[in-house]
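A quick write-up on the structure given underneath.
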Amino acid sequence: MADLLANDWATNVLKNGNVVKTLAFEKTFELGATDVYARYRGCRMNTLDLQLNAKQNVTANWGVMGIGSPNPDTAIVTGATYTDPTTTPVLNAALAVIAAGRDRRADAPFAAIS
C-alpha cells in the first residue's frame, strides 16, 4: 500500500504522498530439473481495484508498470531465500464486517473492517 500511495507509514497512518518507490518482481517458471526466473525491475504500483463485497471473497487487482526485464535466469538472486507459499485461507468479507448497533434494517449503517 505504501508503494501505491507513494509514501511511508508513520504511526500506523498512511497518507498519499510523492515518494518515488520502485520494486522488483520475480516470476518462477518450474520446468522440472532446472527452473527459470524472470525478473521485472524498476516497477511502480499504478492502480488498485479492491473489492469488499458482503459474503464474497475479497479481491484485489494491482496495476504495475515496469521499465524492463533482462533475459530469464536459471539461478536465484545471490543471498535470496525462497519460502513455500502460504496456506492462509482466502479472506472473506462476511467474516470481517460487523454490524454497528442493533438496527438490522437493510439501509442501516454498518462498519468496521477488522
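The values are calculated or read from the model by the stated rules, or taken from the named source; none is laboratory data. Worth saying up front: this structure is predicted, and the values here are computed from it rather than measured. Glycine also receives a Cβ, built like all others from the backbone with ideal geometry; neighbour counts cover every protein chain displayed. For accessibility, only protein heavy atoms count, side chains too; no ligands or nucleic acids. Shrake-Rupley method; radii C 1.70, N 1.55, O 1.52, S 1.80 Å.
A few comments on the model shown:
- Filter pass, Trp9 being within 15 Å of the chain's Cα centre (by Cα) and open to solvent by 50 Å² or more (accessible area, probe 1.4 Å): no
- Within the stretch 31-69, the set of residues being of a type in the set (S, T, N, Q) and closer than 29 Å to Pro89 by Cβ comprises Asn46, Thr47, Gln51, Asn53, Gln56, Asn57, Thr59, Asn61.
- Beta carbons closer than 7 Å, at least 6 apart along the sequence or on distinct chains, pair a first residue in the stretch 34-46 that is touching a residue at least 12 places away in the same chain (Cβ under 8 Å) with a second that is open to solvent by less than 30 Å² (accessible area, probe 1.4 Å) for Asn46/Gly63.
- Only one of the listed residues (Lys55, Lys27) is surrounded by 10 or more Cβ atoms within 10 Å (Cβ to Cβ), without any contact (Cβ under 8 Å) to a residue 60 or more places away in the chain and among the basic types (Lys, Arg). That residue is Lys27.
- Filter result for Leu4 (outside any loop (DSSP other than H, G, I, E, B) and either surrounded by 10 or more Cβ atoms within 10 Å (Cβ to Cβ) or within 19 Å of the chain's Cα centre (by Cα) (or both)): no
- Number of positions in the stretch 14-62 that are part of a strand (DSSP E or B) and of a type outside the set (Lys, Arg): 24
- Among the residues of the stretch 32-52, the ones that are loosely packed, with under 11 Cβ neighbours inside 10 Å, touching a Ser or Thr at 6+ places or on another chain (Cβ under 9 Å) and farther than 17 Å from Leu5 by Cα come to 1 in all.
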